Amino acid sequence: MHHTSYIELSRSALKNNIQFVKEHLHSNCRFSSVIKGNAYGHGIELFVPLAERCGVRHFSVFSADEALRALRASQKKPDILIMGMVEGDSLEWAIKNGIEFFVSDPNRFHKAIQIAKKLKTKAKIHVEVETGMHRTGFSRKEFEMLFPFLKREKKFFHFRGLCTHFAGAESIANYYRIKKQRTHFAQAQKKLQGEGLKPKYFHVACSAAALRYPATQMDLARIGILQYGFFPSNEIRIEMMRKKKRYISPLTKILSWKSEIMAVKEVRKGNFVGYGNFFLANEDMRVAAIPVGYGQGFSRSMSNRGNVLIHGRHASVIGTVNMNMMMVDVTHLENVEKGDEVVLIGQQGNNEISVASFGEMSEQMNYELLTRLPSEIPRKITE
Ligand SMILES: *Cc1c(COP(=O)(O)O)cnc(C)c1O
């Protein structure tokens with residue numbers, strides 16, 4: 001099938017980014033590759049084997065359906081951890097298949113033990129404690145009430161982790177809140193140890209925390225955005241570059257999004273292009289139709305505003321972005337033809353359209369823009 005656009009993932013870029021992550025984790029810290037949100041839009045099915053080839057053996061997802069996709073895509077029997085929701089028959093599936101999961105409330109713990117007893121196996125649990133994000137996790141009281149059960153039901157679970165998540169380590173504005181969370185977590189650790197209970201991993205760090213507060217790396221770090229070639233925030237990016245005294249990012253984007261020209265038209269001065277009167281040709285122009293629109297994740301807010309690359313040069317989006325098409329101005333380019341490559345995100349020649357610039361223009365943050373890339377766009381691997 002000839003698709004209207006496709007996404008490329010660069011193997012060498014991923015290798016570079018994983019190398020960067022590993023250089024920044026201390027040697028006893030295990031690296032968990034976070035692949036929720038369809039591997040931040042990159043595509044779980046291609047990303048998992050690619051990451052495995054870079055030595056990754058631990059993946060973190062949000063839900064059971066993502067765990068299933070990761071499991072099917074994997075070739076190296078990695079550990080897979082569900083950090084979010086796992087309810088109903090998914091919980092039984094997870095336990096049966098040795099999938100690890102966050103236990104973020106007493107209810108899930110007791111259900112898991114029940115199922116483990118029924119299946120005569122052990123559930124692999126990570127107890128998530130609430131430390132200040134106020135999203136999910138055991139409150140202090142609930143946590144203490146869990147201790148007798150942790151002791152009594154020992155035969156029915158592997159205590160794989162004690163964990164929490166920070167409420168915004170990528171912004172220095174949250175410094176005190178993160179500090180308090182770290183203190184709360186340390187208290188939980190101490191209490192647990194006081195009871196003679198010991199999980200395999202203590203883990204709290206995401207990309208931002210692992211870089212900014214290395215002591216949070218503990219036994220395992222859950223790293224998402226860095227792998228894909230992005231810093232969690234500009235703040236962290238600038239901090240890292242200053243520390244290293246280097247002004248070229250050590251990370252490389254692995255994703256590019258490409259399409260091709262569908263048609264080229266001459267437009268005489270004084271005519272409107274596209275729907276309604278959003279764009280008026282003030283001079284004779286040449287415009288190209290690109291078969292990508294908001295239906296493919298190219299935001300309508302890029303109307304009269306966005307850019308693409310053709311022949312290594314920028315071409316402006318003119319008029320409104322349609323459901324499946326948009327028009328770009330190619331008056332300044334020679335010999336533009338149907339079938340020519342169009343880069344929506346990524347490099348062409350010496351120019352680049354970064355996710356950040358695309359995101360800024362469409363008012364989305366990197367995380368959001370990436371995960372919104374429709375999973376139906378075919379993905380392929382390049383060197
Ligand atoms: C998404 C997520 C991470 C990874 O965050 P990054 O900023 O992408 O590194 C880690 N832990 C939890 C619980 C998450 O939801």
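Listed by first and then second residue, the pairs with beta-carbon distance under 7 Å, at least 6 apart or on different chains, first residue in the stretch 60-79 and assigned by TED's automatic domain parsing to the domain that holds Phe31 and of a type in the set (D, E, K, R), second open to solvent by 60 Å² or more (accessible area, probe 1.4 Å) and within 16 Å of the ligand (Cβ to nearest atom), are Glu66/Lys36. Among strands (runs of 3 or more DSSP E) entirely within the stretch 319-376, having at least 3 residues that are of a type outside the set (D, E, K, R) singles out 326-329, 341-348.
For the criterion of being open to solvent by less than 10 Å² (accessible area, probe 1.4 Å), in contact with an Asp or Glu (Cβ under 8 Å, 6 or more places away or on another chain) and within 16 Å of the ligand (Cβ to nearest atom), His58 passes. For the stretch 333-355: of the residues being among the small types (Gly, Ala, Ser) and surrounded by fewer than 17 Cβ atoms within 10 Å (Cβ to Cβ), which is nearest to Ala263 (Cα to Cα)? That would be Gly339.
Of the residues making up the stretch 291-318, just one is assigned to a loop (DSSP other than H, G, I, E, B), touching a residue at least 60 places away in the same chain (Cβ under 8 Å) and among the hydroxyl-bearing types (Ser, Thr, Tyr), namely Ser299. Contact annotation: residue pairs with Cβ atoms under 6 Å, 6 or more positions apart or on different chains, pairing a residue in the stretch 149-165 that is assigned to a helix (DSSP H, G or I) with a partner that is hydrophobic (A, V, I, L, M, F, W, C), are Leu150/Leu197; Phe156/Ile113; Phe156/Ala116.
Right, Lys120: open to solvent by 80 Å² or more (accessible area, probe 1.4 Å), touching a strand residue (DSSP E or B) at 6+ places or on another chain (Cβ under 7 Å), within 24 Å of Trp93 (Cβ to Cβ) and away from the ligand (no atom under 16 Å from the Cβ) or not? Answer is no for this residue.
Confirm whether Leu46 is open to solvent by less than 20 Å² (accessible area, probe 1.4 Å) and either at pLDDT 95 or above or within 17 Å of the chain's Cα centre (by Cα) (or both). So Leu46 does not fit the description; no. On the given criteria, is Asn304 surrounded by fewer than 20 Cβ atoms within 10 Å (Cβ to Cβ) and on the phi > 0 side of the Ramachandran plot? Here the answer is yes, as Asn304 does meet what is asked. Among the residues of the stretch 92-110, the ones that are closer than 15 Å to Phe138 by Cβ and away from the ligand (no atom under 16 Å from the Cβ) come to 4 in all. Checked against the criterion of being free of Cβ contacts under 8 Å to residues at least 40 places away in the same chain and either of a type in the set (A, V, I, L, M, F, W, C) or touching a Cys at 6+ places or on another chain (Cβ under 9 Å) (or both), the candidates Ala288, Ala281, Ala263 yield just one match: Ala281.
The values are calculated or read from the model by the stated rules, or taken from the named source; none is laboratory data. If you're wondering where the values come from, they're calculated on a predicted model, not measured in any experiment. No Cβ is skipped: glycine too gets one built from the backbone with ideal geometry, and neighbour counts run over all protein chains shown. Ligands, DNA and RNA are stripped out before the accessible areas are found, and what is left, the full protein with its side chains, is counted by its heavy atoms. Shrake-Rupley method; radii C 1.70, N 1.55, O 1.52, S 1.80 Å.
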